[in-house]
Amino acid sequence: MNIKTVGVVGAGQMGSGIAQVCAQSGYHVIISDINKELLDRGMGVINGALAKAVEKGKMSEDAKKTVQQRLKGTLSFDDYKPCDIVIEAAIEDMAEKRRIFSSLDRICPPQTILASNTSCLSVMEMAMSTKRPAQVLGLHFFNPVPVMKPVEIVRTLVTSDATIGTVRAFSESLGKKVIIAKDVPGFIVNRLLIPYLLDAVRLLESGTASKEDIDDGMVLGCNHPMGPLALADFIGLDTVFFIANALYDEFKDPKCAPPPLLRKMVTAGYLGRKRGKGFFDYK
Ligand code: NAD
């Protein structure tokens, strides 16, 4: 299938990045959110990023206008009718995702591919809320989408080879490096990353070392660009907690169980960078 028009559901952190990258790669993009304020905020983020690219001389004013003309915001799923693929990037909540997939299935033509940017929920469960499970897959971008190179394609038991092939070619046309995983919580990257982040929290909790020394150890000792506690803050401690619980529910591996300190920080509202406070302060 030749993809020309891309739908994006959700204009938050990930949805706005996905829409921007698709429009910059020449696709027509239709993006929605649940209300005008959130949609405008997402469009504002995209326009801000494009303006910055012009300012830095990385994009001409004309190219910016062309990209902006390819982007259309909407509050109605009916506008997804012309889409060849719709990428869902709404909140990480299975009930909401199932509702979205079932609506898209009703509205989009039979050949449209439906993808989810979920971090850890079962793609199979979303697929089964449609009548086209062979055309449903996970397409897990990394944050920030315009900067991060990989994209994980998540294949369920019933995703067709044709769907994988089309989405692989589409992802590569966005300049992404495709990695493919089965539909198990965490896929590749979070399956390896989350237990490591949780171990860093356990080191801090047990008093083995200070937060600064834990992070310096990994930055300087392993050449990581960021220490594990700063990285957890960047991802969002609520997100780390949510993914850890999903991994623990599936595998019952104690390494995936969120340590009490992480739970307490989430309860206290110390969610990391986005709230100005996590393991470190960001004021
Ligand atoms: P976010 O909260 O920034 O954005 C989600 C947006 O979806 C919100 O604006 C919300 O109003 C909107 N939304 C909710 N229901 C909707 C609906 N029915 N129709 C249209 N819009 C709807 O969240 P995010 O960080 O962008 O995450 C989105 C998805 O991407 C989640 O599934 C998350 O697990 C996944 N993800 C997040 C990251 C990350 O680092 N933040 C990385 C990879 C994947």
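What follows draws every value from the coordinates through simple rules; no lab data is involved. These numbers come from a predicted model, not from an experiment. Every residue, glycine among them, receives a Cβ derived from its backbone with ideal geometry; neighbour counts consider all protein chains shown.
A few notes on this one:
- Kirkwood Rh and Cα Rg combined as Rg/Rh, segment 134-283: 1.02
- Kirkwood hydrodynamic radius of segment 156-212, Cα pairs, Å: 14.3 Å
- Highest-fluctuation residue, ASP199, ASP213, ASP238 considered, GNM on the chain with Cα pairs under 10 Å: ASP213
- Residue among LEU237, TYR248, LEU262 farthest towards the positive dipole end of segment 229-268, charges placed on Cβ: LEU262
- Reach of LYS65 by Cα under 17 Å, taken over lysines that are not fewer than 8 positions away in the same chain: LYS52, LYS56
- The chain: relative contact order as a whole-number percent, Cα under 8 Å and 6+ apart: 13 percent
- Each helix, a run of at least 4 DSSP H residues, gives -39500 (n - 2.57); summed and divided by the residues of the chain, these come to -15000 deg cm²/dmol at 222 nm.
- Inverse of mean 1/r across different Cα pairs in the chain, Kirkwood, Å: 19.8 Å
- FRET efficiency, 1/(1 + (r/R0)^6) with R0 45 Å, evaluated for ASP62 and PHE251 via beta carbons: 0.30
- Comparing mean-square fluctuations of LYS131, LYS56, LYS65 from a GNM of the chain with C-alpha springs under 10 Å, the top value falls on LYS56.
- For CYS256, the shell of other residues with beta-carbons less than 11 Å away shows a net charge of -1, using +1 for Lys and Arg and -1 for Asp and Glu.
- Ranked by the mean number of other Cβ atoms within 10 Å per residue, highest first, peptides 110-119, 138-147, 168-177 order as 110-119, 138-147, 168-177.
- Each Lys or Arg adds one and each Asp or Glu subtracts one; over the other residues with Cβ under 11 Å from the Cβ of GLY276, this totals +3.
- Calculated over segment 190-250, the projected area of the Cα convex hull averaged across directions stands at 4.1 nm².
- Lysine-lysine proximity count for segment 130-283, Cα under 17 Å, sequence distance 8 or more or distinct chains: 6
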